[in-house]
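Every number here is computed from the coordinates shown, using simple stated rules; none is lab data. Quick caveat, the model's predicted, so the values are computed rather than measured. Note that we place each Cβ from the backbone using ideal geometry, even for glycine, and neighbour counts take in every protein chain shown.
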Amino acid sequence: MTTEPQRFTVLLVPEYIEGTDRVSAEEAAVRSAVVEATGETGATGYPRYAGEGIVADIDPRTRTVEAVLVDGAELDYGLNAAVAP
């Protein structure tokens with residue numbers, strides 16, 4: 001039995017929002033998606049999660065997105081991927 005989370009919500013957030021107290025990541029997200037564990041390990045060595053056009057390697061211990069593809073492409077400059085709290 002695995003202790004890793006089977007589902008996360010990934011938020012795509014503009015870089016300029018990070019570190020500010022004015023707006024939460026959820027409010028600032030330009031896109032969000034619920035991703036579920038695929039049972040695979042990504043190139044980063046972390047579990048792969050996929051759903052709603054987003055494929056992400058996520059470190060389940062730190063909840064850090066280590067790699068991400070959005071609709072099959074790399075993330076646009078100016079955007080960051082984060083796991084919702």
Hey, got a sec? Which GluC sites (Glu not before Pro) in the range 32-70 land in a DSSP loop and have at most 16 other Cβ atoms within 10 Å? 52
So which chymotrypsin sites (Phe, Trp or Tyr not before Pro) in the chain are both in a DSSP loop and have at most 10 other Cβ atoms within 10 Å of their Cβ? 77
Restricted to Cα positions, what overall size does the chain have along the principal axes? Three whole-Å values, descending. 41, 26, 20
Charges at C-beta only: +1 for Lys and Arg, -1 for Asp and Glu. How large is the resulting dipole of the chain about its Cα centre, in Debye rounded to 20? 200 debye
Which residue, 61, 31, 48, tops the fluctuation ranking in a GNM of the chain built on C-alpha contacts under 10 Å? 61
